[in-house]
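The values are calculated or read from the model by the stated rules, or taken from the named source; none is laboratory data. Predicted, not measured: the structure shown is a model, and the values here were computed from it. Because the Cβ atoms are built from the backbone with ideal geometry, glycine has one as well, and the counts that use them run over all protein chains shown.
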Amino acid sequence: MLAKKVLIADDERDFVTFLSVALKREGFDVFTAFDGIEAKERIEEDSPDIVILDLIMPHLNGWEVLKWIKEKERRIPVIILSAKDDFDDIKNTYNLNADYYMTKPVSVRDIVKGINTVSAPGTFRSL
């Protein structure tokens with residue numbers, strides 16, 4: 001079985017490096033992006049199975065990237081991983097069809113559980 005391809009899109013480089021190493025240890029094939037434009041490019045180039053997306057990034061924010069993903073690549077599950085924990089922010093991301101929302105700080109184990117949850121057949125929302 002091939003490893004799931006995971007794109008981590010977050011502008012916090014130290015966090016991305018840490019999470020990338022941790023997910024690779026868990027057997028995932030990991031790609032990274034540090035802003036919204038780069039995230040879109042990596043999605044087009046690498047066709048990830050799952051996107052882990054921060055909301056606050058330069059150039060294009062996470063909401064804009066999420067909207068683009070769901071309009072263009074409807075089958076890619078998106079996990080929002082953000083420090084924003086305001087109810088309206090969470091509601092807005094689900095209204096844009098995010099598949100899972102997690103607030104930082106979060107453990108690698110919980111992120112892996114989130115990946116497994118959204119990648120199980122029939123468990124994630126899509127348009």
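If you go through the stretch 13-38, how many residues are outside any helix (DSSP H, G or I), under 18 Å from ASN61 (Cα atoms) and not hydrophobic (A, V, I, L, M, F, W, C)?
2
If ILE90 satisfies every condition in (1) in contact (Cβ under 8 Å) with a residue 12 or more places away in the chain; (2) among the aliphatic types (A, V, I, L, M); (3) part of a helix (DSSP H, G or I) but one, which is the exception?
So the condition that ILE90 fails would be (1).
Determine whether the stretch 38-59 contains at least one residue that is crowded, with 16+ Cβ neighbours inside 10 Å, of a type in the set (Gly, Ala, Ser) and either modelled with pLDDT of 95 or more or farther than 18 Å from THR93 by Cβ (or both).
Checked the stretch 38-59: at least one residue is crowded, with 16+ Cβ neighbours inside 10 Å, of a type in the set (Gly, Ala, Ser) and either modelled with pLDDT of 95 or more or farther than 18 Å from THR93 by Cβ (or both).
Of all residues being farther than 22 Å from ASP11 by Cβ and either touching a Lys or Arg at 6+ places or on another chain (Cβ under 6 Å) or touching a residue at least 40 places away in the same chain (Cβ under 8 Å) (or both) in the stretch 93-117, which is surrounded by the fewest Cβ atoms within 10 Å (Cβ to Cβ)? Just the residue, please.
Only one residue fits best here, namely VAL112.
Name the residue that is surrounded by the most Cβ atoms within 10 Å (Cβ to Cβ), counting only residues in the stretch 78-87 that are touching a residue at least 12 places away in the same chain (Cβ under 8 Å) and farther than 18 Å from SER20 by Cβ.
Taking the stretch 78-87 and keeping what is touching a residue at least 12 places away in the same chain (Cβ under 8 Å), we get 78-85.
Subsequent filtering for residues that are farther than 18 Å from SER20 by Cβ retains 83-85.
Details: ALA83: 11, LYS84: 17, ASP85: 11.
Only one residue tops the list, namely LYS84.
Which condition from (1) closer than 14 Å to LYS4 by Cα; (2) modelled with pLDDT of 95 or more; (3) aliphatic (A, V, I, L, M) is the one that VAL118 breaks?
It is condition (2) that VAL118 fails.
Does the stretch 2-30 hold any residues that are surrounded by fewer than 20 Cβ atoms within 10 Å (Cβ to Cβ), in contact with a helix residue (DSSP H, G or I) (Cβ under 7 Å, 6 or more places away or on another chain) and not charged (D, E, K, R), and which are they?
Matches in the stretch 2-30: ALA22 only.
Can you run down the residue pairs with Cβ atoms below 8 Å, 6 or more apart or on separate chains, where the first is in the stretch 21-37 and touching a residue at least 24 places away in the same chain (Cβ under 8 Å) and the partner is assigned to a helix (DSSP H, G or I) and of a type in the set (Lys, Arg)?
Going by the 8 Å Cβ cut-off, the qualifying pairs are VAL30/LYS24; PHE31/ARG42; THR32/ARG42; ALA33/ARG42; PHE34/ARG13.
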